[in-house]
Amino acid sequence: MEITKMEINKKESQKFTLFQRLRYIFTVWSEHKTRIFLLVVLSLINTAASTVYPLLLRYIIDNLGKAGSVNSIYNAIALIIASSIVAATFYSMLQMNRVYTNMSFTWKITLSLLNWVLRQKRQFFHSFSHGELLTRLTDDVEKISWQLCSGIFRFFDALSIIAFSLFFMFGFSWKLTLFVILPIAVIMVIMVLFDETWEKLFETLQEKISTVNNTIEKTFASIKVIKSNKMESFAKKEFNQIMKTRRTSEMKLSFFHGLWHSLDLIINYSALLLIIILGGKQVIESKLTLGTFIAFLQYFYLMFDYLYSFAYFFVEMKRTLVSIGRHCELFFFKNEKLDTNENFSEIQKADKFDLKPFFDNSLKYDELTEDGKTFIEEIHSVRFEDISLQIKDRKILDSVSFSLKKGQIIGITGEIGSGKSICMHILAGLENPTSGKIFINDIPFENIDMNSYQNQVGFVFQEPQLFSVSVKENIVLPQENESEMLYSKYLKRKFLGTYIPLKPVSEKMEFVFDYDKDLFDHAISIASLNDDIKSFAKGIDTQVGPRGYTLSGGQRERITIARAVYKNPSLFIFDDSTRSLDYETEQKVLAAIRKNNKNAIIIIITQRIRSIVFTDEIFLFKNGKIIAKGKHNQLLEKSEDYKELYEKEMVNQ
């Protein structure tokens, strides 16, 4: 039975224990120990300054009218003013540091998640939709970041205020204090009763937010199809329906928030009424001084302001733990065991549940400098030995073997779904095989420096992948050293110095990458882009729009080809990447690449056999296997499948 992504996510989120989710919090806190300690100190000073006011007020009221008490009263008033100033000062410092820490957590968690997501293979992105990932990288991060600082320290403030107040109130009258403890106890009981309800409401809402984001992303990605087929009305109705379901979830949550707040107010006002009745009686009977009773009420009012924060903390913490569970699903994703109960067997053990590696914010997405890794300066040979790939019960590749040497031009063809593209994804290090061995320059694949290897691979994908920047920036992508340099500058910025802790880098510095103009001109010449660039309003600085929206299919393909050529790799992989070009333009581009890269290995995947008749060898894929190899004329003689495909193509010309 097929399992949906949402069902998988629900199943996985339930696997993480409370202890494991708390370790997420401690991991984030571990790099901000000084800041956390400062917040604790500021909170305690603020609490002390706030709770001294009722004591001074009690002293003033109880000494009114007493002989010789004027100076003492003046001193008490001076202390009230001083404590107010201290409280206001430290409260401002506390708020400023909370904002700073909130934004630091947002930066830290977002970057860690993004680093981790960028390391993942294809199966990961098949298991989480774009909208789902976007929600986890934005909405979930905001909720977690706020709660990990402001939420927890508001609770700490409330807890310390309540603790200090109860201490003094017990000293005034332990009987009256029992009526103060009563609402706290009732609130805690209600929280336990509604614990699962809150969790379900938060999980449902986050799923609805993900669905909305996914719909928006899908609509913009398919905007040409929508407009050309007059589907605007359908898209509007679909979005409206999805927003209705989200609104329903929001309204349910708002109802419970309102109900919770109302119960909190009713309980607290009931306690206040009892305190006034019983405390007033004690004052009348001279069992309690007026100053003590007023100080008692002041402490209750002070607690009253914080009791809601105290109670609401548990609601928000439940929401945060849901979001943390959604992050842990990403961090501990296991694609090969996605739909089984085994994929979390290891992380259930506390000693295995280590989140620190995920929060190592390095732009080196693979740990490439480990001992034993071989740096690849040039790819001289490639060897596949019995490579197989199985996803769930489906065998995608079945014992694929071949050898390539530099200078060779290889053509790959076969029917749709025969395994051609996924085989090249494995070669490029974008996918992991289930079994078999790969050797690069006779070195086992697992022993090579992956970053240096992928710098030697120029992969042109089936669908042209363009960024929403200029033509030049789409061809000249930043190399690792440039990325590291910009990243280092970003980290060194003084957050509070600009008053906007996470102001985008682009507003502080331009992303200008040095590039080799001769190599750039060479790349656009080989890709036959010269005439197109001349026709653009701003030449190579022309913005291509979202996903290259302003360009034709052929122009997008040739820009991605120019990108691969500019990279100057020793292994080219063209994955059906010239299908939008006419035959003459395609042959012109391929001829230029062959002529200027004689020492490179060139692999051309296509269903247009006549495009690869000139290659040194052709691999014919079928059902995940290479069923025939050889030159074009040889395959026409010895392979009926190849002959049939070629003849069918010729008939359709």
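Rule-based calculations on the coordinates, nothing more; no lab input. This one's a predicted model, so the numbers in the text were calculated from it and none came from an experiment. Virtual Cβ from ideal backbone geometry, glycine too; neighbours counted across all protein chains shown.
Some notes on this structure:
- Equivalent-ellipsoid semi-axes for region 5-350 (Cα gyration tensor, √(5λ), whole Å, largest first): 50, 22, 19.
- Exposure proxy order (Cβ contacts within 10 Å, fewest to most) of ILE396, ILE426: ILE396, ILE426
- Most positive-pole-ward Cα, HIS261, ALA271, THR215, against dipole of region 212-314 from beta carbon charges: THR215
- For PHE619, nonlocal amide neighbours, meaning residues 5 or more places apart or on other chains whose placed amide H falls under 5 Å from its own, are GLY411, ILE412, THR413.
- 31 Å Cα-Cα threshold exceeded, pairs from LYS395/LYS629; LYS405/LYS534; LYS598/LYS629; LYS237/LYS318; LYS33/LYS143: LYS405/LYS534; LYS237/LYS318
- Residues with amide H under 5 Å from that of LEU529, placed H, sequence gap 5 or more: none
- Per-q log10 I(q)/I(0), region 17-92, q = 0.19 Å⁻¹ (Debye; single scatterer per alpha-carbon; no solvent): -0.82
- Highest-first arrangement of 293-299, 557-563, where packing means the average Cβ count within 10 Å: 557-563, 293-299
- Amide hydrogen neighbours beyond the local backbone of PHE572, cut-off 5 Å, H modeled: GLY458, ILE601, ILE602, ILE603
- Residues LEU205, LEU389, arranged from fewest to most other Cβ atoms within 10 angstrom of their Cβ, appear as LEU205, LEU389.
- A Förster radius of 56 Å combined with the Cβ-Cβ distance from SER403 to MET243 puts the calculated FRET efficiency at roughly 0.50.
- Size descriptor for region 45-165, Kirkwood hydrodynamic radius: 18.3 Å (Cα pairs only, one decimal).
- Residue order, fewest to most surrounding Cβ atoms within 10 angstrom, among SER639, SER401: SER401, SER639
- Ordering PHE90, MET231, SER286 by Cα displacement along the dipole of region 5-350 toward the positive end leaves MET231 in first place; charges were set at the Cβ atoms of Lys, Arg (+1) and Asp, Glu (-1).
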